[in-house]
Amino acid sequence: MTRPIRLAISGASGRMGLALLNLVRDDGRFELVRAIVSSKSTRLGKAVYGDVSPLRFSAWNDATGIDVVIDFSGPEGLDQALDHCEASGAALVTGTTGLSAEQEARLTHAAERIAVLRAANFSLGVAVLTRLLREAAAALPNWDLDIVEAHHNRKEDAPSGTALALGHAAAAGRGATLDELAVYSREGRPGARKAGTIGFAVVRGGDIVGEHQALLMGQGERVELGHRATDRSIFARGALESAAWMAGRAPGAWTIEDVIAAKV
Ligand code: NAD
């Protein structure tokens, strides 16, 4: 595209939305044309991004000419963003989680007519780690493989969604499903370990943003692959890179791995 990409951000007053606003401000590839917030959050958005016309902090209403929508809102906000994209043909990049089965189906259906990119983790580094781990697990099929993850002490789920996604990728590299290969530390591991299984270990404490390490353990040697997030803005950066890649993209269900593949 020779002109700036006309961008809308849905959920602009949230943690991820604000991180995106801060990045877009200094990124010449984009022109921010809408910052969609829920009515309760309008003042916060204006305070943080005061040089944008207040009119742009609004609902979708009469929005036109948008190339890409980035959505980090919630299930309702995503529905509204999808309404706009389906009506206008704009591409959709979404990181919103916690969707219902109906919404999952709606996104899949929408991808037949518009470009849709979904990712549970927008870190470009994690996407590369996922790919490397799939290859390593395939090349070393009988080595013990453990995924160790660490997060702050407020995180509720364990293992993390990213750890499980890494597990799925490793299992796929071994031609199996994670259900077939997983051994969880909370179940204990009595006796000898079955060759090629995938284990999980969880650390919770302090303000750790997110760390994932994959250990592939053979006899007399070990391969270690890992990723450390030190700043939540990495998710915003990944979403913005994805938006740049999605502008003008053909309809389809695209993934963060497609974005990486185009870069390396
Ligand atoms: P948040 O609660 O800080 O922000 C969500 C914002 O959306 C809020 O400001 C809320 O007012 C706003 N909102 C709600 N309904 C809306 C509507 N109808 N229209 C417009 N805005 C609306 O949450 P967050 O931490 O920014 O995360 C947002 C979503 O992104 C969550 O689903 C979270 O799980 C997900 N997330 C994904 C990634 C990733 O890499 N994929 C990373 C972080 C968070």
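The values are calculated or read from the model by the stated rules, or taken from the named source; none is laboratory data. This one's a predicted model, so the numbers in the text were calculated from it and none came from an experiment. A quick note on method: Cβ atoms are made from the backbone with ideal geometry, for glycine too, and the neighbour counts reach across all protein chains shown.
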Legend entry - So T177, is it of a type in the set (S, T, N, Q) and touching a residue at least 24 places away in the same chain (Cβ under 8 Å): no
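For region 102-111, check the following and say yes or no: at least one residue is of a type in the set (A, V, I, L, M) and modelled with pLDDT under 95. Break it down into steps so the answer makes sense when it comes.
The initial filter retains those residues of region 102-111 that are of a type in the set (A, V, I, L, M), namely 105, 107, 110-111.
When the remaining residues are screened for being modelled with pLDDT under 95, the result is none.
No, region 102-111 contains no residue that is of a type in the set (A, V, I, L, M) and modelled with pLDDT under 95.
Could you check how many residues of region 56-75 are β-branched (V, I, T) and within 12 Å of the ligand (Cβ to nearest atom)?
So the first thing to find is which residues in region 56-75 are β-branched (V, I, T), and the list is 64, 66, 68-70.
Filter again for within 12 Å of the ligand (Cβ to nearest atom), leaving 69-70.
Qualifying residue count for the region: 2.
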Inset, instruction - Search region 25-49 for residues that are closer than 13 Å to G11 by Cα and outside the structural domain of A81 (by the TED database) and pair each with any residue that is modelled with pLDDT under 65 and surrounded by fewer than 14 Cβ atoms within 10 Å (Cβ to Cβ) when their beta-carbon atoms are under 7 Å apart and the residues are at least 6 apart or on different chains. - result: none
Inset, instruction - Mind listing just one residue for me: the one in region 173-196 that is at pLDDT 95 or above and in a loop (DSSP other than H, G, I, E, B) and, of those, nearest to the chain's Cα centre (by Cα)? - result: T177
Inset, instruction - Would you please name the residue that is surrounded by the most Cβ atoms within 10 Å (Cβ to Cβ), looking only at residues in region 197-235 that are at pLDDT 95 or above and of a type in the set (A, V, I, L, M, F, W, C)? - result: A214
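Inspect all residues belonging to region 237-251 and state whether any of them is in contact with a Gly (Cβ under 8 Å, 6 or more places away or on another chain), at pLDDT below 95 and either outside the structural domain of L140 (by the TED database) or crowded, with 19+ Cβ neighbours inside 10 Å (or both).
No, region 237-251 contains no residue that is in contact with a Gly (Cβ under 8 Å, 6 or more places away or on another chain), at pLDDT below 95 and either outside the structural domain of L140 (by the TED database) or crowded, with 19+ Cβ neighbours inside 10 Å (or both).
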Legend entry - All positions within region 75-133 that are assigned to a helix (DSSP H, G or I), of a type outside the set (A, V, I, L, M) and in contact (Cβ under 8 Å) with a residue 40 or more places away in the chain: G77, Q80, H84, T108, G125, T130, R131
Legend entry - Pick from region 6-31, criterion more than 14 Å from the ligand (Cβ to nearest atom) and surrounded by fewer than 21 Cβ atoms within 10 Å (Cβ to Cβ), ranking: nearest to D62 (Cα to Cα): R6
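Any idea which of P54, P141 is surrounded by fewer than 16 Cβ atoms within 10 Å (Cβ to Cβ) and modelled with pLDDT of 95 or more? I'd like the intermediate steps shown before the answer.
Working: P54 fails: modelled with pLDDT of 95 or more.
When all the criteria are applied, what remains is P141.
Quick one: would you say A236 is outside any strand (DSSP E or B) and hydrophobic (A, V, I, L, M, F, W, C)? Break it down into steps so the answer makes sense when it comes.
Values: outside any strand (DSSP E or B): yes; hydrophobic (A, V, I, L, M, F, W, C): yes.
Answer is yes for this residue.
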Inset, instruction - Just name the residue that is modelled with the lowest pLDDT out of those in region 252-264 that are among the β-branched types (V, I, T) and farther than 18 Å from A163 by Cβ. - result: V264
Inset, instruction - Residue by residue through region 95-113, note down the ones that are touching a Gly at 6+ places or on another chain (Cβ under 8 Å) and within 14 Å of the ligand (Cβ to nearest atom). - result: T96, T97, G98
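Residues L78, L92: which one is away from the ligand (no atom under 13 Å from the Cβ) and at pLDDT 85 or above?
Working: L78 fails: away from the ligand (no atom under 13 Å from the Cβ).
Testing whether each residue is away from the ligand (no atom under 13 Å from the Cβ) and at pLDDT 85 or above leaves just L92.
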Legend entry - Residue match in region 113-127 (condition: surrounded by fewer than 17 Cβ atoms within 10 Å (Cβ to Cβ) and either hydroxyl-bearing (S, T, Y) or modelled with pLDDT of 95 or more (or both)): yes
